[in-house]
Amino acid sequence: MAHFGHHLLTALPGPLLPAIRTAFGLSNFQATLVTTAFALSSGAGNIPAGRMADKIGPTILMVIGTLGVAVGGLLVGISNSYTMMLVFLVLMGFMTAGYHPASTPMILSAVEPEKRGRALGLHLLGGNSSFFIAPIIAGGIMSLWPDWGFRGPFVILSIPTAIFGVIFYIYLTRRGGLAQVQLAKQRAAEEKPPQAGYKRRLIAYLIMMVVGGGAGMSVNALLGLYMVDVLHTTDANASMLMSIMFLPGVFGGTILGGWISDRIGTVKVIIATSIISGLVIFGIRESTLGFGFYLLLFIMGLNMAVRMPVTEVFIMGQTPAKNRATIYGIYYFTMQYTGAIFAPIMGWLVPDHYSYSQIFLFSAIAVTAVSVITSFFIWDAKN
């Protein structure tokens, strides 16, 4: 429930990019700066949030990551200029940083090692549900009240987000939730040090995320604009089509990924899904609007859903318990910053210098090559 509420608003900047571009008459470069501002601020907040979670515990940070996001989203919805919207989007992004570095280590420490993949898959089911539902609701709101443009979804969805934040605060400060937090701390303190060579594996994986993940995330940032400019769909329809990628997460893709990793280990799944990420982008650039395109979006979403819990279980196995929230903060920081750096560069290059198809080709090659190279440095992980 907490993960669902946390992501209701954070799921909106990407799918609403075409509507934001229309509202302010922006170029592609200016439009992609929207996702950059959000990604930079949320990424920057992850490292201090991770440090704070290791020092003071997860409760306050997880509440800020939900209730604070609601306030920021409401301010984005009432902004009346491009600059004001960017400022409030930065505020919302900084608030969102508190949630993940605090919640993930707590969940993983609270369950038995052989069930960690499935437990995290269930948690990620909540987040993926938001990424699926929020764009559909946003498209519906914009269709019913077109004069509101992108503002309507931010204003309306800030209300349930705030309600989730209040409910979660009450839960975490009462007997049941408080006991769960204490149990997680106790189990983390009793864990043995990770397998030798964990620093090398963590560095290799972060490189995979920064270079390969950044190239892949830039494609996600451009997908909505690609649908409008090349496939000739409307702003509202582009928002709703983006939700196809999150269908697998809603219907158990994250739980499936966690179950597979519990059975065969994390490394094999990470390498396979990394290579598939590049191959799917090759397919996207060759497709037209229709069943084939929708299927590729679904496969892209299934691949992401399977990979998400596996990645976080892998990081836990390579990190000492006392530094776990900090390392997760660095991980989420790199995830956000790679997309933030790549997206405006791609927006500047398209369409004045390169076509969407050419940019997607460059990204597909980068993702696939980096996945293969870095796999040799993490292959020996025993978990």
Can you run phi through the Karplus equation (6.51, -1.76, 1.60; θ = phi - 60°) for segment 239-254 and list ³J(HN,Hα) in whole Hz, with x for Gly and Pro? 4, 6, 5, 4, 5, 4, 4, 9, 4, x, x, 5, 9, x, x, 5
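Just the ratio, please: alpha-carbon radius of gyration of segment 199-313 over 2.2 N^0.38 Å, N its number of residues.
In units of the globular-protein estimate, segment 199-313 measures up at 1.12.
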Tell me, what ³J(HN,Hα) does each residue in segment 37-43 have, in order and in whole Hz, if you take phi through Karplus 6.51 cos²θ - 1.76 cosθ + 1.60 with θ = phi - 60° and put x for Gly and Pro? 4, 5, 5, 4, 5, 5, x
Would you indicate which of (i) 56, 45, 32; (ii) 84, 46, 43; (iii) 62, 46, 46 is the value of Cα extents along the principal axes in Å derived from the coordinates of this structure? (i)
Which listed pairs, of Lys115/Lys199; Lys268/Lys322; Lys199/Lys322, have C-alpha distances above 18 Å, in listed order: Lys115/Lys199; Lys268/Lys322
Enumerate the amide H contacts of Ser355 below 5 Å, restricted to partners 5 or more residues apart or on another chain; note that Pro and chain-start residues carry no placed amide H. none
Which of the peptides 265-273, 2-10 is most tightly packed, and how do the rest follow, going by the mean number of other Cβ atoms within 10 Å of each residue? 2-10, 265-273
Determine how many Å³ per residue the convex hull of the Cα atoms of segment 133-178 encloses. 64
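Given the -39500 (n - 2.57) contribution per DSSP H run of 4+ residues, what per-residue ellipticity at 222 nm results for the chain, rounded to the nearest 500 deg cm²/dmol?
Numbers: 19 runs with 301 residues, N = 383.
Value at 222 nm, helices only: -26000 deg cm²/dmol.
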Can you bin every Cα-Cα distance in segment 274-382 into 5 Å intervals starting at zero and give me the percent of pairs per bin, rounded to whole numbers? 2, 10, 14, 20, 22, 14, 9, 6, 3, 1
Carbon-plus-sulfur fraction of the accessible area of segment 1-159, 1.4 Å probe, in percent? 73
Ignoring any ligand, DNA or RNA, what whole percent of the accessible area of segment 237-383 comes from carbon and sulfur when the probe is 1.4 angstrom? 73
With charges only on Cβ, +1 for K and R and -1 for D and E, what is the dipole size of the chain about its Cα centre, in debye, rounded to 20? 1160
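List the relative contact order of the chain as a percent without decimals, with contacts defined as Cα pairs under 8 Å and 6+ residues apart.
Values: 701 pairs, mean separation 113.3, N = 383.
Relative contact order here is 30 percent.
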Can you list the HN-Hα couplings for segment 114-120, worked out from phi with the Karplus curve (6.51, -1.76, 1.60; θ = phi - 60°), rounded to whole Hz and with x for Gly and Pro? 6, 10, 5, x, 5, 5, 5
List the residues whose amide H sits under 5 Å from the amide H of Thr233, counting only those 5 or more places along or on another chain, with H placed 1.01 Å from N in the peptide plane. Val228
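Which percent of the Cα-Cα distances in segment 1-89 go past 15 Å?
Values: 2460 of 3916 pairs.
Within segment 1-89, distances greater than 15 Å cover 63 percent of Cα pairs.
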For the chain, accessible area per residue (1.4 Å probe, heavy atoms of protein chains only), Å²: 40
Scaled to the compact-protein estimate 2.2 N^0.38 Å, what is the alpha-carbon radius of gyration of segment 259-337, rounded to two decimal places? 1.32
Put +1 on the Cβ of each Lys and Arg and -1 on the Cβ of each Asp and Glu in the chain; which of Ser274, Ser357, Asn237 then has its Cα farthest toward the positive end of the dipole? Ser274
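The values are calculated or read from the model by the stated rules, or taken from the named source; none is laboratory data. Since we're looking at a predicted model, the values are computed, not measured. Don't worry about glycine lacking a Cβ; one is built from the backbone with ideal geometry, like all the others, and counts go over all protein chains shown. Ligands, DNA and RNA are excluded from the accessible area calculation, which covers all protein heavy atoms including side chains. Shrake-Rupley method; radii C 1.70, N 1.55, O 1.52, S 1.80 Å.
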